[in-house]
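Worksheet for the structure shown next.
The values are calculated or read from the model by the stated rules, or taken from the named source; none is laboratory data. Worth saying up front: this structure is predicted, and the values here are computed from it rather than measured. Cβ placement follows ideal geometry from the backbone for every residue including glycine, while neighbour counts extend to all protein chains displayed. Side chains are part of the model used for accessible areas, which takes the heavy atoms of the whole protein and leaves out ligands, DNA and RNA. Shrake-Rupley method; radii C 1.70, N 1.55, O 1.52, S 1.80 Å.
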Amino acid sequence: IFDTTNRELIKLNAKGLKTKNIMAELNLSKSAIDKRKAQIRDFFEIEKGNDEDIIQIAKKKGYI
């Protein structure tokens, strides 16, 4: 379930964009972004984590 949009979401997050800016950039609602972040956390097996945790693991695993 790790698609192009999820990769783009992580990249934009890593650049420091806030959710409201990502919403405009990817043309997604806040709830859609929240769901995607939950999918990403599941994919990376992050039990409880924030955007920073996602970015760190994505970098470690070579996704960004």
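How far apart, in nanometres, would the label points at L26 and Q56 be if each is projected 7 angstrom from Cα along the Cα-to-Cβ direction?
Label at L26, label at Q56, 2.1 nm between them.
Excluding ligands, DNA and RNA, what is the solvent-accessible area per residue of the chain at a probe of 1.4 Å, expressed in Å²? Kindly include the intermediate steps, with their values, before the conclusion.
On the way: 4410 Å² over 64 residues.
Normalised by residue count, the accessible surface of the chain is 69 Å².
When the Kirkwood radius is taken over all Cα pairs of the chain, what Stokes-Einstein diffusion coefficient follows at 10 °C and 1.306 mPa s, in µm²/s?
Rounded to a whole number, D works out at 137 µm²/s.
How large is the helix-only mean residue ellipticity at 222 nm for the chain, computed as the sum of -39500 (n - 2.57) over DSSP H runs with n ≥ 4, divided by its residue count, in deg cm²/dmol to the nearest 500? Each step should come with its number before you reach the end.
Details: 4 runs with 43 residues, N = 64.
It comes out at -20000 deg cm²/dmol, rounded to the nearest 500.
Give me the angle, in degrees from 0 to 90, between the Cα long axis of helix 4-14 and the longest principal axis of the Cα atoms of the chain, rounded to the nearest 10.
Taking Cα atoms only, the helix is inclined about 90 degrees.
What is the magnitude of the charge dipole of the chain about its Cα centre, with +1 placed on the Cβ of each Lys and Arg, -1 on the Cβ of each Asp and Glu, and no other charges, expressed in debye to the nearest 20?
Magnitude of the dipole: close to 160 debye.
Provide the gained length on full extension for the span E47 to R7, in nm with one decimal, where the gain is 0.36 nm per separating residue minus the Cα-Cα distance.
Values: separation 40, 0.36 × 40 = 14.40 nm, distance 1.93 nm.
Using 0.36 nm per residue and subtracting the Cα-Cα distance, I get 12.5 nm.
Report the calculated FRET efficiency for I64 and A38 (r = Cβ-Cβ distance, R0 = 22 Å), to the nearest 0.05.
Once the sixth-power term is evaluated, E becomes 0.75.
Over 23 Å between C-alpha atoms is what I'm after, so list which of K11/K48; K20/K60; K20/K61 land there.
Numbers: K11/K48 20 Å; K20/K60 26 Å; K20/K61 26 Å.
Over 23 Å apart, Cα to Cα: K20/K60; K20/K61.
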